[in-house]
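Data block below; observations after.
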Amino acid sequence: MRDDPIVARLRAAGCVFAEQEAAFIRRHLDDPRDVERAVAGRVTGLPLEQAVGAAEFAGTTVAVADGVFVPRIRAESIIRAAVHDLPDARVAVDLGCGCGALAAVLANRLPNADVHAVDIDPAAVVVARCNGRRYGFTAHHGSWWDGLPHDLRGRVDLAVGYLPHVPSDHVLTIHPDFRSHEPLAAVDGGPDGLDHLRTVLDTMPKWLAPGGRFVTLLSAWQADQVGGRVLESDDGDAVVMFG
Ligand SMILES: C[S@@+](CC[C@H](N)C(=O)[O-])C[C@H]1O[C@@H](n2cnc3c(N)ncnc32)[C@H](O)[C@@H]1O
């Protein structure tokens with residue numbers, strides 16, 4: 001049987017999961033010109049999701065773009081734990097939202113919540129706003145809590161965030177495709193990876209409602225150092241809750 005031409009091109013470019021990648025491309029793109037653009041982008045090293053312009057995250061398809069962090073499956077555990085713990089949250093925020101994948105899933109799973117997202121990277125905010133219009137959340141530009149509307153102070157029931165938490169000297173261990181197409185600021189968390197978490201925790205008490213919580217994902221070894229309650233731990237990652 002003749003090889004699927006897309007699979008063949010992806011395989012020749014060194015894509016280990018060529019069949020799955022071809023299926024992903026076809027799942028999200030119909031127009032042959034879009035398919036061609038995606039395959040051409042992928043064979044030159046664009047991460048698959050950026051080449052296609054879409055990512056699948058916790059059952060939701062979100063728009064992504066070159067230069068914006070690609071949502072990782074491992075971060076789905078933040079949502080799982082957060083929604084399980086606070087199913088009645090009325091105000092929910094996604095800190096460091098990137099394309100807004102966590103916010104999109106929160107908006108789907110907490111239909112009565114007012115969901116906001118914030119990122120310091122203007123390119124990420126553009127994509128998050130597009131996902132926000134589709135899924136029903138509002139994306140803001142700014143730094144952590146300070147980037148949120150000030151009338152949310154003291155009213156946030158649930159905050160989630162997949163913060164940059166890779167120690168600076170481990171950044172080179174990230175796959176080169178991602179390293180070349182995602183900003184360093186999306187992953188680099190300073191010498192021990194925890195600089196951003198410390199910043200977020202410093203001002204958190206002013207923003208959380210009574211009983212409010214912040215849920216994040218860290219490496220398991222980092223979770224041992226930061227206090228907080230470990231909700232799930234597996235494959236070297238730990239979901240940690242504060243508040
Ligand atoms: C690991 S990425 C996670 C993105 C998104 N939550 C996801 O899971 O796809 C971290 C994000 O934090 C953002 N970020 C870094 N510093 C920030 C700051 N001071 N304030 C807000 N966002 C920041 C980065 O731009 C990046 O989009």
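Please go through the range 76-92 and pick out each residue that is part of a helix (DSSP H, G or I) and either away from the ligand (no atom under 14 Å from the Cβ) or touching a residue at least 40 places away in the same chain (Cβ under 8 Å) (or both).
Ser77, Ile78, Ile79, Arg80, Ala81, Ala82, Val83, His84, Asp85, listed by residue number.
Specify which of the listed residues (Gly212, Gly236, Gly243) is more than 13 Å from Leu163 (Cβ to Cβ), touching a residue at least 12 places away in the same chain (Cβ under 8 Å) and exposed (fewer than 14 other Cβ atoms within 10 Å of the Cβ).
Gly236
Identify the single condition in (1) on the phi > 0 side of the Ramachandran plot; (2) surrounded by fewer than 18 Cβ atoms within 10 Å (Cβ to Cβ); (3) within 16 Å of the ligand (Cβ to nearest atom) that Gly96 does not satisfy, given that it satisfies every other one.
With respect to (1) on the phi > 0 side of the Ramachandran plot; (2) surrounded by fewer than 18 Cβ atoms within 10 Å (Cβ to Cβ); (3) within 16 Å of the ligand (Cβ to nearest atom), Gly96 is out only on (2).
Do the conditions hold for His165, that is, is it near the ligand (Cβ under 8 Å from one of its atoms) and not hydrophobic (A, V, I, L, M, F, W, C)?
Yes.
Look at the range 147-173 and say how many of its residues are farther than 30 Å from Ala107 by Cα and either surrounded by 15 or more Cβ atoms within 10 Å (Cβ to Cβ) or in contact (Cβ under 8 Å) with a residue 60 or more places away in the chain (or both).
3
Would you check if Val16 is surrounded by 17 or more Cβ atoms within 10 Å (Cβ to Cβ), not aromatic (Phe, Trp, Tyr) and not assigned by TED's automatic domain parsing to the domain that holds Gly236?
no
Being surrounded by 15 or more Cβ atoms within 10 Å (Cβ to Cβ), touching a Pro at 6+ places or on another chain (Cβ under 9 Å) and under 24 Å from Glu182 (Cβ atoms) narrows it down to one residue among Val43, Val64; which is it?
Selected residue: Val64, the only one of Val43, Val64 that is surrounded by 15 or more Cβ atoms within 10 Å (Cβ to Cβ), touching a Pro at 6+ places or on another chain (Cβ under 9 Å) and under 24 Å from Glu182 (Cβ atoms).
How many residues does the range 24-75 contain that are away from the ligand (no atom under 16 Å from the Cβ) and of a type in the set (Gly, Ala, Ser)? Outline the logic, then answer.
Quick first cut of the range 24-75, residues away from the ligand (no atom under 16 Å from the Cβ) only: 24-46, 51.
Keeping just the survivors that are of a type in the set (Gly, Ala, Ser) gives 38, 40-41, 45, 51.
Total meeting the criteria: 5.
Against the condition without any contact (Cβ under 8 Å) to a residue 40 or more places away in the chain, buried (at least 22 other Cβ atoms within 10 Å of the Cβ) and assigned by TED's automatic domain parsing to the domain that holds Ala103, how does Ala128 come out, does it pass?
Taking the combined requirement at face value, the residue satisfies it.
Residues of the range 123-138 being in contact with a strand residue (DSSP E or B) (Cβ under 6 Å, 6 or more places away or on another chain) and within 11 Å of the ligand (Cβ to nearest atom), which ones?
Of everything in the range 123-138, those that are in contact with a strand residue (DSSP E or B) (Cβ under 6 Å, 6 or more places away or on another chain) and within 11 Å of the ligand (Cβ to nearest atom) turn out to be Val125, Val127, Ala128, Asn131.
When you check Gly96 against the structure, is it closer than 15 Å to Val215 by Cα and not basic (Lys, Arg), yes or no? Steps first, please.
Working: closer than 15 Å to Val215 by Cα: yes; not basic (Lys, Arg): yes.
Here the answer is yes, as Gly96 does meet what is asked.
Is there a residue being in a loop (DSSP other than H, G, I, E, B) and closer than 30 Å to Gly45 by Cα anywhere in the range 168-176?
Taking every residue of the range 168-176 in turn, at least one turns out to be in a loop (DSSP other than H, G, I, E, B) and closer than 30 Å to Gly45 by Cα.
Condition check: free of Cβ contacts under 8 Å to residues at least 40 places away in the same chain and in the same structural domain as Ala186 (by TED's automatic domain parsing). Does Ala107 satisfy that?
Against the criterion (free of Cβ contacts under 8 Å to residues at least 40 places away in the same chain and in the same structural domain as Ala186 (by TED's automatic domain parsing)), Ala107 qualifies.
Among the residues of the range 105-121, which ones are more than 23 Å from Leu197 (Cβ to Cβ) and either buried (at least 19 other Cβ atoms within 10 Å of the Cβ) or not polar (S, T, N, Q) (or both)?
Residues satisfying the conditions are Ala107, Arg109, Leu110, Pro111, Ala113, Asp114.
The values are calculated or read from the model by the stated rules, or taken from the named source; none is laboratory data. Quantities reported herein were computed from a predicted structural model and do not represent experimental measurements. Reconstructed Cβ throughout: ideal geometry from the backbone, glycine too, with neighbour counts over all protein chains shown.
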